[in-house]
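> First, the structure itself, so that you have it in front of you.
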Amino acid sequence: MAEDAKPLLLGEDTSSSLQDDEYGINSEKQDSKPKSSRSHLILAICACIFGSPLQIGLNTAILNTPQDVIKSFYNQTYHDRYGKEIEGTLLTLLWAITVSFFCIGGMLGGLVAPTFAGKYGRKQTLILNNFIALACAILQGNAKTSGYFEMLIAGRIVAGICCGVVSAVAPLYLAEISPTSLRGFCGTCNQLSITMGVVLAQVLGLSSVLGTEDLWPFLVAAPAVPAIFSFLTLSWCPESPRFLLVVKENETKARKAMMWLRNSSDIAEDLEAITIERNEHRNSPKLSPKDLFKNPELRWPLIICIVLQMSQQFSGINAVIYYSTSIFKSAGLTTTSSQYATLGTGCINVLMTFVSALIMDRAGRRTLHMTGLGGMFTFSVLLVICLSLQSQASWLSYISIVAVVIYIIFFATGPGSIPWFMVAEMFAQGPRTAAVSVSVVVNWLCNFVVGICYPILQKAITTYSFLPFCVMLAFFFIFTYLFVPETKGKTITEITMLFREQTDSAAATEILSPALVEYEITVEEDNSIAASHRHLTSSLEGSQNPVSYRK
């Protein structure tokens, strides 16, 4: 239609052309509503986080509590085939594979997710991904009935693909639908949902619920529930306005989506920020991960994002999530007590992630990340000391439990959520797809290394198995202090300019590929466009135009 092709003009009166749109917004009525209404934004956030990231938490922790029951199924299956029990070493290896192959799938999902999100949109990718979640539930839920533990392992790979897609796309969708002032809160909601999924998996996995010999197939099929919820609710929400305007260049749909999310027709400030990014993205080349490493201006933020992802996984958190029950057993608790202690730590993780979401846009990303890493280092050291000396003093086992709890509190403070959404903050639309792909693959690769190495490490050095994590936490704290910038309250354009100013453009151009040279030239031109755009906006201040601009 001709109206769809109509360009977005600053100062244009949109109230007459957008009386009724596809999301149910009536522009004339919206003018009378409070501009601070966040109801539609909250609905979109809830539809995203309770349907997609929740699946990551469920699949991450769903095998933790009932691991002894599922290992018995492995033993029984092996005995039925070969007439003998599985050797202890082989059983340990099979279980490590079952846990860690989830991460292999995560890497595959993380690799393909940016491509699908760039072609079909963030929302549509999340909706289609739910069919992968259903396939995962079918495989895992029928493993016991079929008598093949290989189906459970295959289901874990499929679950990883599903969660790899979510880990790349959900933070992107949340960051792109949220205003700058709430971007940290929305990004942390992603991690909040993951932690809630972990707790839900721990509750369902209790021996008094679904963690029994007969009911565990229903437990491993549980991720189908949030997948169905996501399909039913996210379908009613709009696509990311940034995707619609910057990638698809559909200005009318972007305007409608933004009006729905803000529950207001006063969207000029949000559209201005996206329009500036659209100008940068237009005519810029598609950058590959190789190009990001070649360009000094993009290489340094990419390295920062990679180290942030490593700091999350090599902090040892997934060793706690995957094997917390066995850690508590080694501290002297019974099997039942260990399960409830694991559940307690999960609840604390949810609570502190919620607190982190509330203070993220006040305290800042860098401050919270350093606080989290420093606290995790301190209590990891304490945990190693307590576990190594508890044979001499039994009361130290209780101190080790407290150390695990406080360790998780500090993880939720910053390292749990910040690495996921900072990659979306530190890159403009052009290089963002490649940067997200690299960051997600690094995160899942580190997750895989921890998942497959920790049980072997625990068996080899027993009570000192957390010592390597202590060393890495110290390194990540120092790196964050020296090199990670604060992004609180800054637009994506301002953040990318921060790195641009730190780079000697003249020296960098000499080693750039032709595509990157073209990108540099385009960025310089777009800076001029952005400056003109801001000047025009300033000149419209105080006018009677129905589109207002807020400082």
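> If you scan region 71-123, which residues turn out to be touching a Leu at 6+ places or on another chain (Cβ under 8 Å), among the β-branched types (Val, Ile, Thr) and either in a helix (DSSP H, G or I) or open to solvent by 50 Å² or more (accessible area, probe 1.4 Å) (or both)?
Passing the criteria: 98, 99.
> Inside region 403-426, can you point out the residues that are buried (at least 22 other Cβ atoms within 10 Å of the Cβ), of a type in the set (A, V, I, L, M) and under 22 Å from the mean Cα position of the chain (by Cα)? Don't jump to the end; show me each part of the working.
Taking region 403-426 as the starting set, the residues that turn out to be buried (at least 22 other Cβ atoms within 10 Å of the Cβ) are 403-404, 407-408, 410-426.
Then keep just the ones that are of a type in the set (A, V, I, L, M); that gives 403-404, 408, 412, 418, 422-424, 426.
408, 412, 418, 422, 423, 424, 426 - these are the residues of region 403-426 that are buried (at least 22 other Cβ atoms within 10 Å of the Cβ), of a type in the set (A, V, I, L, M) and under 22 Å from the mean Cα position of the chain (by Cα).
> Return the pair list, or none, for Cβ contacts closer than 8 Å from residues in region 249-268 that are among the aromatic types (Phe, Trp, Tyr) to residues that are buried (at least 21 other Cβ atoms within 10 Å of the Cβ), at least 6 apart or on different chains.
Once the first residue is among the aromatic types (Phe, Trp, Tyr) and sits in region 249-268, its partners that are buried (at least 21 other Cβ atoms within 10 Å of the Cβ) give 260/25; 260/238.
> Answer yes or no: is there a residue in region 146-155 that is closer than 29 Å to residue 245 by Cα, crowded, with 21+ Cβ neighbours inside 10 Å and not charged (D, E, K, R). Break it down into steps so the answer makes sense when it comes.
From region 146-155, those closer than 29 Å to residue 245 by Cα are none; that's our starting set.
No, region 146-155 contains no residue that is closer than 29 Å to residue 245 by Cα, crowded, with 21+ Cβ neighbours inside 10 Å and not charged (D, E, K, R).
> Name the pairs whose Cβ atoms lie under 7 Å apart, with the first residue in region 468-493 and exposed (fewer than 15 other Cβ atoms within 10 Å of the Cβ), the second among the small types (Gly, Ala, Ser), and 6 or more positions between them or separate chains?
Correct list of pairs: 486/364.
> What are the residue pairs meeting all of these: first residue in region 292-305, first residue without any contact (Cβ under 8 Å) to a residue 12 or more places away in the chain, second residue open to solvent by less than 10 Å² (accessible area, probe 1.4 Å) and part of a helix (DSSP H, G or I), Cβ atoms under 9 Å, and 6 or more apart or on different chains?
Listed by first residue and then by second, the contacts come to 293/302; 299/292.
Matching residues to (1) of a type in the set (Ser, Thr, Tyr); (2) open to solvent by less than 50 Å² (accessible area, probe 1.4 Å); (3) in a helix (DSSP H, G or I):
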site	(1), (2), (3)
301	no, yes, yes
304	no, yes, yes
336	yes, no, yes
341	no, yes, yes
351	no, no, yes
356	yes, yes, yes
370	no, yes, yes
393	no, yes, no
401	no, yes, yes
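> Given the criterion farther than 19 Å from residue 56 by Cβ, open to solvent by less than 20 Å² (accessible area, probe 1.4 Å), touching a Phe, Trp or Tyr at 6+ places or on another chain (Cβ under 9 Å) and in a helix (DSSP H, G or I), identify the matching residue among 160, 164, 184.
Going through 160, 164, 184 in turn, the sole match is 184.
> I've got another one for you. Among the listed residues 315, 311, identify the single one that is under 17 Å from the mean Cα position of the chain (by Cα), at pLDDT 85 or above and in a loop (DSSP other than H, G, I, E, B).
After applying the criteria, what remains is 315.
> In this structure, does residue 265 turn out to be modelled with pLDDT under 90 and among the polar types (S, T, N, Q)?
It is true that residue 265 is modelled with pLDDT under 90 and among the polar types (S, T, N, Q).
> For region 320-341, enumerate the residues that are more than 14 Å from residue 463 (Cα to Cα) and modelled with pLDDT of 65 or more. Break it down into steps so the answer makes sense when it comes.
Within region 320-341, the subset more than 14 Å from residue 463 (Cα to Cα) is 321-322, 325, 333-341.
The answer is 325, 333, 334, 335, 336, 337, 338, 339, 340, 341.
> Determine if region 282-297 includes at least one residue that is under 30 Å from residue 475 (Cβ atoms), buried (at least 24 other Cβ atoms within 10 Å of the Cβ) and at pLDDT 85 or above.
The answer is no, given that none of the residues of region 282-297 is under 30 Å from residue 475 (Cβ atoms), buried (at least 24 other Cβ atoms within 10 Å of the Cβ) and at pLDDT 85 or above.
The values are calculated or read from the model by the stated rules, or taken from the named source; none is laboratory data. Keep in mind that this is a model prediction, so the values were computed, not measured. All Cβ positions, glycine included, derive from the backbone under ideal geometry; neighbour counts span all protein chains shown. Surface accessibility is based on the protein's heavy atoms, side chains included, excluding ligands, DNA and RNA. Shrake-Rupley method; radii C 1.70, N 1.55, O 1.52, S 1.80 Å.
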